[in-house]
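*Asks:* Sharing a structure here in structure tokens format.
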Amino acid sequence: GAGADNDLYINQAIVFIEDAIQYRSINHRVDSKSLWLYRWYYSRTCQWILSLTITVILALAFVEEPSSLTVTSDVRYRLPAWNPPCGLTESIELLCFLVFVVDVSVKSYLIGWKEFWKNKWLMAYILTLIVSIADWIVSLSFFCKERVRIRRILRPFFLLQNSSMMKKTLKSINSTLPEMASVLLLLAVHLSLFTMFAMLLFARTKDNQQDKEWVVYFRNLPDSLTSLLVLLTTANNPDVMIPAYSKNRAYSIFFILFTVLGNLFLMNLLTAIIYNQFRGYLLKSVQSSLFRRRLGIRAAFEVLSSLKETPASAQQSCVSVGALVQVLQKAEMDSRCKQAIMRSLKMCSCDQLSAAQFQKLFEELDKDAIKQHPPSPEYQSHFMQKMQFAFGHPYFGYLGNVVALANIISICVVLVMDADKQPSERDDFFLGAINCFFILYYLLEMLLKILAMGLKRYLSYPSNRFDGLLTVILLILEIATFAVYGFPHPGWRPEFMGLLSLWDMVRLVNMLIVFRFLRIIPNMKFMALVVTTLLDLVKNLRAFAGILVVVFYAFAITGIMLFKGAVVPLGNTSAANTTHDNGTLQCGTYEQLEYWPNNFDDFAEKNVISWCSAHFQAKVIYCVLYVLSVHLICRWAKIYFVAWWLISSVIWVNLFVALLLENFIHKWDRRCQRESLSDIEYQRTVELMFRDVLEEPTEEELMEKLHQHPHLHLCR
């Protein structure tokens, strides 16, 4: 009867509000059983299990053949890696697949068949699972001896489909590609024209001694394109110019023009276009997230207005305050927001809320997360009040910074003096004594700050937690040093006695002291602004990191399939002989530079090579390519590395720069408004970065969307 209907409406409102908080779509089943299943699926436990499953299946690449469980990746010194027996990692994979099958089944059921056929991500999810399970069966049929495993390349999809922000970011990148393609096409034309000029300019002559530029860099079209493409990254500058420049200095004009036009103009133009276009597409994505939030809140209002105890009104729908309180008590939401909404309800004199009032209450979700620090203790003693004033004053913090700087300078002086000394010749007395003095000062400073501020207020500041943690670690290390090696004294050079030698323990203490010097950052406003911008990027732009992981993973697996075992040591020489013969090898080659650790024999090392390539270290990649020359695939391998460089270094890095600029500009514009509020910490999200320019959806848009809901049938 009426009671069951009321319970259903309450549960629907709870789910809609939770959807609004998480920017989720409300187009799912809304009957009692489905709502229970929906809340169970999005509970912390289920989402944690799903995240753990994704992590495990991605991490299998480090363990399964070819295993990365070796100390070194150098092919000359590397011992045979432990490879798991057939069926071990496959069993773990099967468990992961079962979790994914349950995941996709629940998602498909909750949205309904009508919505399922519109959801391309879910259909791709099912197709990926079918292909992966089929490949898993084939792998077991061949007793895990097959070389190509398609399911390994498909694994990053499980990470991608589980994040709505990653999907939106990928959609934004896809929408930006046409504008990026125009600049990349212009870059290709620039590269092609200068390649033809180079082949004409550095053509072969009768004098082979004068043809070094042609022999090394411009012998044919692929080599010429490769040389200029690497020059575009500045990785082979000025090496590529030197042979021609040694003949005639006028040849430098060609290389300077190529670098200025390509690197300074076109590459920076690409950054500007990506910043402008991607910001617009990301703004649209965030606008759609805001619409989802407003739609979820309005859906909650509409179902609560259908409660039987709500007085009927032909003019306007309303919701009772008691019903909203009941919903808030059961809804999973941030305690700060819940308390703020509860306070607003207590201050409200009316018993019924209109749609506008209801929506205004939940605007608390859009506000900055504000953290106010606990108050300092109130001492009755006049002496303690003076102590509190002295040690709670900013000048006491400045004194600590000066002492930390003096500690750093003293460590530098000792390191410079002992740089050329053998360990047996060092006298660690001076360094041990000053470390002891400064650590005691840091301990005293921490205790006095706790006395002045109180423990809760002291721990509420991240800089104090950072300071205090390092001070405690330094104190423990110093006590351990004294317990094992005794107190510092002239000629303090005891033998190795504990887990670490004396010099290792002193070095560890000094490294932590240097790290502790970062405490000065909060006291320098501009530096603090830069650091908080970077921290916000780390916390809020996880979608970009996730997409980068997806691309890294896919390229790494592909690289292992293509080039595994291609890098081998010279002949059967030992490591000693290889080092001895190093002087007879051609300068700048893979062998002469001893790039043996850069190979494609396992997943971890392939990621290291990808990281080098993404950061313009093209020299590493093309040295590897020269070693691959024994394989017919060598020339086609260049396409693989150029594709990786374009995706990682050109596109992804520029996207990261675009959002870094947006975040920094946003913080810079708001800095003046918050300089006086030094006792309050603000935490920003991607949505809040664009909050000032977002448009609120209209009443008509919200109601039209609600009436299109496939499972919710409103009375009006």
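The values are calculated or read from the model by the stated rules, or taken from the named source; none is laboratory data. Nothing here was measured: the structure is a model prediction, and the numbers come from that model. Positions of Cβ are generated from backbone atoms using ideal geometry, with glycine treated the same way; all protein chains shown enter the neighbour counts. In case anyone asks, the SASA skips ligands and DNA or RNA and just uses the protein heavy atoms, side chains included. Shrake-Rupley method; radii C 1.70, N 1.55, O 1.52, S 1.80 Å.
*Asks:* Show the residue pairs that are 6+ apart or on different chains and have beta-carbon atoms under 6 Å apart, the first residue being within the stretch 238-262 and within 19 Å of Ser192 (Cβ to Cβ), the second being among the polar types (S, T, N, Q) and surrounded by 12 or more Cβ atoms within 10 Å (Cβ to Cβ).
*Replies:* Filtered contacts from the stretch 238-262: Val240/Ser227.
*Asks:* Inspect the stretch 164-177 for any residue being in contact (Cβ under 8 Å) with a residue 24 or more places away in the chain, touching a Gly at 6+ places or on another chain (Cβ under 6 Å) and farther than 23 Å from Phe265 by Cβ and give the result as yes or no. Can you show your working first?
*Replies:* The first filter runs over the stretch 164-177 and keeps only residues in contact (Cβ under 8 Å) with a residue 24 or more places away in the chain, leaving 164-173, 175-176.
Imposing the further condition that a residue be touching a Gly at 6+ places or on another chain (Cβ under 6 Å) reduces the set to 166.
Adding the requirement that they be farther than 23 Å from Phe265 by Cβ leaves 166.
Taking every residue of the stretch 164-177 in turn, at least one turns out to be in contact (Cβ under 8 Å) with a residue 24 or more places away in the chain, touching a Gly at 6+ places or on another chain (Cβ under 6 Å) and farther than 23 Å from Phe265 by Cβ.
*Asks:* Within the stretch 432-457, how many residues are in a helix (DSSP H, G or I), farther than 29 Å from Phe487 by Cβ and touching a residue at least 12 places away in the same chain (Cβ under 8 Å)?
*Replies:* Here the count works out to 4.
*Asks:* With the requirement that a residue be out of contact with any Phe, Trp or Tyr (no Cβ under 8 Å at 6 or more places or on another chain), closer than 24 Å to Ser648 by Cβ and open to solvent by 60 Å² or more (accessible area, probe 1.4 Å), what does the stretch 226-259 give you?
*Replies:* Residue satisfying the conditions is Asp239 alone.
*Asks:* Kindly indicate whether Val71 is of a type in the set (A, V, I, L, M) and either in contact with a Lys or Arg (Cβ under 6 Å, 6 or more places away or on another chain) or in a loop (DSSP other than H, G, I, E, B) (or both).
*Replies:* Spelling it out, Val71 is indeed of a type in the set (A, V, I, L, M) and either in contact with a Lys or Arg (Cβ under 6 Å, 6 or more places away or on another chain) or in a loop (DSSP other than H, G, I, E, B) (or both).
*Asks:* Going by the conditions given, is Pro84 part of a loop (DSSP other than H, G, I, E, B), within 23 Å of Asp135 (Cα to Cα) and open to solvent by 10 Å² or more (accessible area, probe 1.4 Å)?
*Replies:* So Pro84 passes the test.
*Asks:* Would you be able to tell me the number of residues in the stretch 106-121 that are in contact with a Phe, Trp or Tyr (Cβ under 6 Å, 6 or more places away or on another chain) and either of a type outside the set (Val, Ile, Thr) or open to solvent by 40 Å² or more (accessible area, probe 1.4 Å) (or both)?
*Replies:* Qualifying residue count, the stretch 106-121: 2.
*Asks:* Could I ask something else about it? Would you confirm whether or not the stretch 212-225 contains a residue that is aliphatic (A, V, I, L, M), in the same structural domain as Leu184 (by the TED database), part of a helix (DSSP H, G or I) and at pLDDT below 85? Can you show your working first?
*Replies:* Taking the stretch 212-225 first, the residues aliphatic (A, V, I, L, M) are 215-216, 221, 225.
The next check asks that each one be in the same structural domain as Leu184 (by the TED database); those that pass are 215-216, 221, 225.
Next cut, part of a helix (DSSP H, G or I) only: 215-216, 221, 225.
Then keep just the ones that are at pLDDT below 85; that gives 215-216.
Looking for residues that are aliphatic (A, V, I, L, M), in the same structural domain as Leu184 (by the TED database), part of a helix (DSSP H, G or I) and at pLDDT below 85, one finds at least one in the stretch 212-225, hence yes.
One line per residue, one yes/no per condition, for (1) open to solvent by 50 Å² or more (accessible area, probe 1.4 Å); (2) in contact with a helix residue (DSSP H, G or I) (Cβ under 6 Å, 6 or more places away or on another chain); (3) of a type in the set (Lys, Arg):
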| position | (1), (2), (3) |
| --- | --- |
| Arg24 | no, no, yes |
| Arg29 | yes, yes, yes |
| Lys33 | yes, no, yes |
| Trp36 | yes, no, no |
| Tyr41 | no, yes, no |
| Arg44 | yes, no, yes |
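*Asks:* Among the residues of the stretch 283-313 satisfying the criterion of being of a type in the set (Val, Ile, Thr) and either modelled with pLDDT of 85 or more or open to solvent by less than 10 Å² (accessible area, probe 1.4 Å) (or both), which is nearest to the chain's Cα centre (by Cα)? Walk me through how you get there before you give the answer.
*Replies:* Quick first cut of the stretch 283-313, residues of a type in the set (Val, Ile, Thr) only: 286, 297, 303, 310.
Filter again for either modelled with pLDDT of 85 or more or open to solvent by less than 10 Å² (accessible area, probe 1.4 Å) (or both), leaving 286, 297, 303.
Values: Val286: 19, Ile297: 31, Val303: 39 Å.
The residue in question is Val286.
*Asks:* For the stretch 561-582: of the residues being among the aliphatic types (A, V, I, L, M) and over 16 Å from Ala643 (Cα atoms), which is modelled with the lowest pLDDT? Talk me through it step by step, then tell me what you get.
*Replies:* Taking the stretch 561-582 as the starting set, the residues that turn out to be among the aliphatic types (A, V, I, L, M) are 561-562, 566-568, 570, 575-576.
Checking which are over 16 Å from Ala643 (Cα atoms) leaves us with 561, 566-568, 570, 575-576.
Working: Met561: 79, Ala566: 68, Val567: 68, Val568: 70, Leu570: 64, Ala575: 40, Ala576: 37.
Applying the filter and picking the extreme gives Ala576.
*Asks:* Taking the condition farther than 19 Å from Leu264 by Cα, in contact with a helix residue (DSSP H, G or I) (Cβ under 9 Å, 6 or more places away or on another chain) and assigned to a loop (DSSP other than H, G, I, E, B), does Val148 pass?
*Replies:* yes
*Asks:* Out of Met199, Met166, report the one residue that is part of a helix (DSSP H, G or I), open to solvent by 40 Å² or more (accessible area, probe 1.4 Å) and not aromatic (Phe, Trp, Tyr).
*Replies:* Checking each option against the conditions leaves just Met199.
*Asks:* For the stretch 54-76, how many residues meet the condition of being closer than 16 Å to Val549 by Cα and either among the β-branched types (Val, Ile, Thr) or touching a Pro at 6+ places or on another chain (Cβ under 6 Å) (or both)?
*Replies:* Selection size over the stretch 54-76: 4.
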